[in-house]
Amino acid sequence: MVKKLLLFILPVTLTIGFSQQRKMGLDEPNENEIDLKYLFFLPKDFYSDKNTRWPLILFLHGMGERGADLELVKIHGIPKIVEAQTDFPFITVSPQCPIEYVWQDDDMQQAVEGILLKIIKNYRVDKMRVYITGLSMGGYGTWALAARRPDLFAAAVPICGGGDPATVNVLKNLPIWVFHGGLDEVVLPEESEKMVRALEKEGGKVRYTLYPEAYHDSWTETYDNPALYDWLLNNRKAEN
């Protein structure tokens with residue numbers, strides 16, 4: 001049975017300058033819906049600076065953060081960064097995958113896409129600067145969702161994940177920066193490298209960073225690096 005998705009968007013009567021991650025979820029879910037909750041962050045100047053359209057990062061967590069407790073999503077990656085930096089210059093959306101799913105599932109991709117499109121519609125998002133990133137299971141999800149909707153994103157950053165090389169024909173025009181730990185035994189580096197090789201063969205816009213001494217956690221160093229965010233902001237979708 002196809003699971004339907006209802007979206008809940010916070011009312012516009014928010015405190016001016018509010019910059020903490022807020023917990024969002026479905027409105028009165030029933031047994032036929034994916035109960036997809038997510039963390040949502042607006043830059044501190046979002047409401048005071050009414051003329052600016054903001055870049056957005058969609059973050060997909062790993063296998064261990066699945067479930068129904070959004071505090072788990074803050075353990076790694078972009079939500080952890082946002083908790084520590086009130087001046088983070090991106091809108092961020094960090095959904096939580098229910099325990100019975102993975103990000104590659106069609107229903108999950110549809111649910112995440114629906115949330116993303118709703119936020120783009122209802123908030124001042126710079127549509128030319130929407131980015132996707134994720135780690136481990138979220139790295140796989142990044143490859144999958146980018147291939148599903150390459151038109152939505154200006155760049156992608158899959159970390160210690162993998163994908164289907166048969167999809168690279170739709171990804172070759174999307175700037176992608178891939179990261180992996182050379183000693184990773186949870187997701188072998190070859191999972192990233194086969195995607196990188198396939199993209200290189202297609203003339204894709206791909207770069208690859210391998211941390212020779214890193215194990216599965218190749219994301220902490222990646223997300224702590226200011227160069228990553230500079231690279232993201234330097235990538236914009238072409239005007240149609």
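Each value in this text was obtained by applying a stated rule to the coordinates, not by laboratory testing. Keep in mind that what you see is a predicted model, and the values were worked out from it rather than measured. Don't worry about glycine lacking a Cβ; one is built from the backbone with ideal geometry, like all the others, and counts go over all protein chains shown.
For segment 187-203 versus segment 111-184, the inter-centroid distance based on Cα atoms is 15 Å. Panel note: the C-alpha atoms of the chain, placed on their principal axes, show extents of 49, 42, 36 Å (largest first).
Distances between placed amide hydrogens fall under 5 Å for Asp35 paired with no residue 5 or more residues away or on another chain. The per residue volume of the convex hull around the alpha-carbon atoms of segment 127-240 is 87 Å³. What the phi angles of segment 158-165 give under the Karplus curve with 6.51, -1.76 and 1.60, with θ = phi - 60°, is a coupling list of x, 10, 6, x, x, x, 9, x Hz, glycine and proline written as x. Only helices enter the 222 nm calculation for the chain: every DSSP H run of n ≥ 4 contributes -39,500 (n - 2.57), and dividing by all residues gives -8000 deg cm²/dmol, rounded to 500. The phi-based Karplus calculation (6.51 cos²θ - 1.76 cosθ + 1.60; θ = phi - 60°) puts the 3J(HN,Hα) values of segment 219-229 at 8, 4, 4, 5, 6, 7, 8, x, 4, 4, 6 Hz, whole numbers, x for Gly and Pro. DSSP finds beta bridges in the chain, and of those with both partners inside it, around 25 percent are antiparallel. Contact order for the chain, expressed relative to its length and based on alpha carbon pairs under 8 Å spaced 6+ residues apart, stands at 16 percent.
Counting pairs of alpha carbon atoms under 8 Å apart in space and at least six apart in sequence, what relative contact order in percent does segment 138-180 give? Kindly include the intermediate steps, with their values, before the conclusion.
Details: 59 pairs, mean separation 19.3, N = 43.
Once normalised by length, the contact order is 45 percent.
Packing, taken as the mean count of other beta carbons within 10 Å per residue, orders the peptides 142-154, 185-197 from highest to lowest as 142-154, 185-197.
Between the amide H of Trp54 and those of Val125, Asp126, distances stay under 5 Å, these residues lying 5 or more places away or on another chain, with hydrogens modeled in the peptide plane.
A simple rule links phi to the HN-Hα coupling: the Karplus curve 6.51 cos²θ - 1.76 cosθ + 1.60 with θ = phi - 60°, which for segment 149-154 gives 9, x, 6, 7, 10, 8 Hz, with x for Gly and Pro.
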